[in-house]
Amino acid sequence: MVRRNSNIAKLHAGYLFPEINRRRRKLLEQDPDARIISLGVGNTTEPLTGHISEGLVGSAKGLGTVGGYSGYGDEQGLTELRSKIGERVYGGSVDAGEVFISDGAKCDIGRLQVMFGSGVTVAVQDPAYPVYVDGSVIVGATGGYNEGRALFDGIEYMSCTPENDFFPDLQNTRRTDLIYFCSPNNPTGAVASKKQLKELVDFAADNRSIIIFDAAYSEFISDSKLPKTIFDVKGSREVALEVNSFSKMVGFTGVRLGWTVVPDELKFDDGSGVNRDWDRVTCTIFNGASNIAQQGGLASLDDEGLAEMRETIAYYMENARIIKDALDEMGVTTYGGVNAPYIWAHFPGRNSWDVFEEILNKCHVVTTPGSGFGPAGEGFIRFSAFGHRQDIQEAVERLKAKLR
Ligand code: PLP
């Protein structure tokens, strides 16, 4: 018999979304005719746009020809795509050699956790996208699970609430090796200002920490004063790396394509480059993103692709406005939903799972309970703006009719 990995045994009973699905199935068993609308998981719903899907189709067709066939490519991705990301996303401030193409941000976060290993200490925003904590636990970068506090020992939870403008109180934050920071934030929809990110970068520099900046929703920022990347901040190249993704910006959640930028200046304490180890990990346990997906990525960053991307994002952000307006009308205080596709709704004094159940049972609308993202999410519900317009409209009508 093989001994079970004790780190896996430390994980909370289940990942958040399987538990939500279990409750949704239970409702369907009781009421098979219920027409459930999901504003829960942040999964994209709208079809790919013309130029971008042509990029995928053209590449797939090409693979059926002698001239267009390609097998394994460079593990780091197509040079053309790496350069184009450097130019079109980072305005030339990032070099192609610092961009590593991946099969998505979540997968890269997992591989980063493998690279940093079990010896590191970790800080996360609370609430946070669950992979930062659970992935750290799996690689053993934490102590045990503390039932009483519902927290993992060894992880620094940086509370982000309306009281602190969803930005952690860094003066009272313990030093850790790694700091996960997500902006625009999933689940709160908060976007850190340049001043706040500068504070974070300075904090990391003082503590000789590394920031893992998750910018998966950067293209949803419409306010030109807000930073779309950590690299807009002076001093960040010495202390931060950035993960990003085509998933939400162009609907590649199923296509799978993302990237990670590791600046040349980012070093370990022995002076060696993080970039070099990331290259080593990438070449060892990753075999490159799909060549079809990468052609789709190239098409997304053409002028036509970027125009289509803006349309897709505008569609989802109109959904966000509809949800936010409806909740405002119902007297529910909301955050986010302006430069991010998530609305963070406050139900003070209530248990998130109870509110989730009430919305599910009365309105047949699936949401995500805030407490599933961390203890500071208790009393909140996350509404996702990813959905067909008619479903969003029907969902808000049901909320307005049955919840108030
Ligand atoms: N990072 C954040 C903050 C997310 O919300 C998500 C997906 O919901 C991801 C990363 C995963 O992105 P990908 O589809 O590229 O793996």
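The values are calculated or read from the model by the stated rules, or taken from the named source; none is laboratory data. Note that this is a predicted model, so its numbers are computed, not measured. Cβ: placed from backbone, ideal geometry, glycine included. Neighbour counts: every protein chain shown. For accessibility, only protein heavy atoms count, side chains too; no ligands or nucleic acids. Shrake-Rupley method; radii C 1.70, N 1.55, O 1.52, S 1.80 Å.
List of remarks:
- Residue satisfying condition, being more than 30 Å from E378 (Cβ to Cβ), more than 16 Å from the ligand (Cβ to nearest atom) and in contact (Cβ under 8 Å) with a residue 12 or more places away in the chain, within set G86, G154, G92, G64: G86
- Checking each residue in segment 320-367 for being touching a Pro at 6+ places or on another chain (Cβ under 9 Å) and either among the aliphatic types (A, V, I, L, M) or closer than 26 Å to R310 by Cα (or both) picks out A320, Y335, G336, N339, A340, P341, Y342, W344, V355.
- Residue within segment 111-123 that is touching a residue at least 60 places away in the same chain (Cβ under 8 Å), assigned by TED's automatic domain parsing to the domain that holds V239 and farther than 25 Å from S272 by Cα present: no
- Tally of residues being part of a loop (DSSP other than H, G, I, E, B) and either within 7 Å of the ligand (Cβ to nearest atom) or open to solvent by 10 Å² or more (accessible area, probe 1.4 Å) (or both) across segment 247-268: 8
- Condition met for S272 (away from the ligand (no atom under 16 Å from the Cβ) and crowded, with 23+ Cβ neighbours inside 10 Å): no
- Any hit, segment 112-127, residues being within 15 Å of the ligand (Cβ to nearest atom), among the aliphatic types (A, V, I, L, M) and closer than 30 Å to E318 by Cβ: no
- Strands (runs of 3 or more DSSP E) within segment 122-185 that include 1 or more residues modelled with pLDDT of 95 or more and of a type in the set (S, T, Y): 155-159, 178-182
- Of all the numbered requirements in (1) within 30 Å of T49 (Cβ to Cβ); (2) open to solvent by less than 10 Å² (accessible area, probe 1.4 Å), S224 misses one, and that requirement is (2).
- If the condition is being open to solvent by less than 40 Å² (accessible area, probe 1.4 Å) and within 16 Å of the ligand (Cβ to nearest atom), then segment 7-51 contributes L16, F17, I20, L39, G40, G42, T44.
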